[in-house]
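Engineer: Have a look at this one before I ask anything.
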Amino acid sequence: MRDALARDGTQHLGGIIAPMPGHSADAAAAQAEAVFDALEARIAAAGAALTDLCKITMQITDRAFRQPVYGVMGRRLAGVRPVSTGLIVSGLDSPHAVFQLDALAVPRAPRDGPHERIRPYRSTSMPYGRGRQPFVAEFCMAVRTPRQVFLRGQTGQTLDGAFVGAGDPAAQARQAMDNVTALLAEAGCTLADAVHATVFVTDRAFIGPVMQVVAGRFAAQPVAHALLVVKGLAAPEIAMEIDVHAVRSDVG
Amino acid sequence: MAHLRFRRFNTGLYYRDQGIRNEMCMAVRAGNLVFLRGQTGFTLEGGFTGIGDAAAQADQAMRNVKTLLEEAGSAMEHICRITTYITDRAWREPVYQVIGRHLGGIAPVGTGLIVGGLALPEMLVEIDIDAVIPA
């Protein structure tokens, strides 16, 4: 398949894997380096810059590899501040791949200036679930391009960093949707601008309580969606995550 | 202009026995961008095809994709991105063969994931598609 394909200026750059033998933290870091080499090559081939990157989805097959892979990501994307979603998945296309990167960039026209990055944060100053994580990486909560808004995957974590609803997937979903609504508003949008949602839960039993909240919030303006049961999210207490993509309906 | 939303459906069909009775939709058109609901072995009429047969489910999903894209004013050749979720590595080859047959020479960006499950246990594959309507 073609590597980087433009859709209305949006460059789809993933999913990138770099399968290699070995199942260790060092091997995972080596795969991550190769994946980010490939990302840089694809961005260059698309005539874009690393700073055009808006959204990344980090897909890892084993929670033990989160730290080495995110350490590489933090160094390779220093200063870029994309929004991010992190998943622990059962597998990738190749059995030798432990990490896959999905990425979206929107190349900027000179007149547009840099994309607006809302609520920037450093991984070391932001809790993930109830704990903190040792890798150093820079992210933000929302990226606004001239026409689109990309959000960080939202969970039971409030925008101030408190974790709400441990053991209660519905409460986490309510917090996540409160965050989505607030972040879209900060980016000049409403839920009516949302076009697609990807909902991740860590247990099939959470589908009902989570989707009841999510579908209820989108009832007035239904979105296209996909629903996945994954092995894990950024921290074990995080039971659900929702990825929302919006396109500003006031821009032609 | 407000986004256009196609084929609103009641989520009770997919998340059954879970008390969910809200509407979602199958496709959203935002200007010249088209986003589809993840497609599965469910027909657009709500019947399920291909119990235990990932290839048959993928075939149904891709038929739905064609119908939905055309309803939204796009077409298969304008697919930009395809994300394929399967529940077991064993489904990879049969599912990708079916997808490849439907895509033909179209070369979208692809991402493949093996996940722990989809909305219902009988669903073995879900295909998420973005497309465009060229000027």
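What follows draws every value from the coordinates through simple rules; no lab data is involved. A quick note: this is a predicted structure, and the numbers were derived from the prediction, not measured. When we count neighbours, we look across all protein chains shown, and the Cβ atoms used for this are built from the backbone with ideal geometry, even at glycine.
Engineer: Assign one of three labels to chain A, namely rounded, prolate or oblate, based on the Cα gyration tensor with a ≥ b ≥ c the square roots of its eigenvalues; rounded applies when a/c is under 1.5, prolate when it is not and a/b is larger than b/c, and oblate otherwise.
Structural biologist: On the way: a/c = 1.55, a/b = 1.07, b/c = 1.45.
Verdict is oblate for chain A.
Engineer: I need the calculated FRET efficiency for the pair A:Arg75 and B:Arg89, taking r as the beta carbon distance and R₀ as 41 Å, to the nearest 0.05.
Structural biologist: Given R0 = 41 Å and the Cβ-Cβ separation, E is 0.85.
Engineer: Between A:Ala205 and A:Thr51, what FRET efficiency comes out of the Förster formula 1/(1 + (r/R0)^6) with R0 = 45 Å and r the beta carbon distance, rounded to 0.05?
Structural biologist: Numbers: r = 42 Å, r/R0 = 0.92.
With R0 = 45 Å, the Cβ-Cβ based efficiency is 0.60.
Engineer: Determine the sum of side-chain charges near A:Asp168: Lys and Arg each +1, Asp and Glu each -1, restricted to other residues whose C-beta is under 12 angstrom from that of A:Asp168.
Structural biologist: My count for the surroundings of A:Asp168 gives 0.
Engineer: Amide H to amide H, which residues 5 or more places from B:Leu118 or on other chains are under 5 Å from it, using H placed in the peptide plane?
Structural biologist: Amide H neighbours of B:Leu118, under 5 Å, 5+ apart: A:Val229.
Engineer: In addition: Would you mind counting up the charge near B:Leu118? Only other residues with Cβ under 12 Å from its Cβ, with Lys and Arg at +1 and Asp and Glu at -1.
Structural biologist: -3
Engineer: Okay, moving on. Only helical DSSP H runs with n ≥ 4 go in: add -39500 (n - 2.57) per run for the protein assembly as shown, normalise by residue count and round the 222 nm mean residue ellipticity to 500 deg cm²/dmol.
Structural biologist: It lands at -7500 deg cm²/dmol.
Engineer: Dipole magnitude of the protein assembly as shown about its Cα centre, charges +1 at Lys/Arg Cβ and -1 at Asp/Glu Cβ only, in debye to the nearest 20?
Structural biologist: 580
Engineer: Still on this structure, please answer the following. Would you work out the relative contact order for segment A:5-247, in percent, from Cα pairs under 8 angstrom that are 6 or more residues apart?
Structural biologist: In percent, rounded to a whole number, it is 20.
Engineer: How high is the FRET efficiency between B:Leu13 and A:Ala192 when r is their beta carbon distance and R₀ equals 25 Å, given to the nearest 0.05?
Structural biologist: With R0 = 25 Å, the Cβ-Cβ based efficiency is 0.55.
Engineer: Follow-up. Which of A:Arg117, A:Arg130, A:Arg81 comes first, and how do the rest follow, when ranked by fewest Cβ neighbours within 10 Å?
Structural biologist: A:Arg130, A:Arg117, A:Arg81
Engineer: I need two numbers for segment A:157-247: Rg to one decimal and Dmax as a whole number, Cα atoms only, in Å.
Structural biologist: That works out to 12.4, 35 Å for Rg and Dmax.
Engineer: Report the local net charge at A:Ala219: Lys and Arg +1, Asp and Glu -1, summed over other residues whose C-beta lies under 15 Å from its C-beta.
Structural biologist: Combined, the nearby Lys, Arg, Asp and Glu give +4.
Engineer: More than 12 angstrom separation, counting every C-alpha pair in segment A:40-85; what % is that? Kindly include the intermediate steps, with their values, before the conclusion.
Structural biologist: Working: 686 of 1035 pairs.
Value for segment A:40-85 (Cα pairs over 12 Å): 66 percent.
Engineer: Hey, another quick one. In peptide B:31-44, what is the residue-averaged number of other protein chain Cβ atoms found within 10 Å of each Cβ?
Structural biologist: For this peptide, the per-residue mean of nearby foreign Cβ atoms is 4.
Engineer: Using alpha carbon coordinates only, what is the Rg to Rh ratio of segment B:16-72, with Rh defined as the Kirkwood radius?
Structural biologist: Value, to two decimals: 1.02.
Engineer: Please give the average number of partner chain Cβ atoms lying within 10 Å of the Cβ of each residue in B:2-11, rounded to a whole number.
Structural biologist: 4
Engineer: In addition: Partner chain Cβ atoms within 10 Å, averaged over the residues of A:207-214 - can you pull that number for me?
Structural biologist: 5
Engineer: Contact order normalised by length for segment B:1-80, with contacts defined as Cα pairs under 8 Å and 6 or more residues apart; what percent is it?
Structural biologist: 23
Engineer: Taking the alpha carbon gyration tensor of segment B:13-135, what are the square roots of 5 times its eigenvalues, largest first, to the nearest whole Å?
Structural biologist: 22, 19, 12
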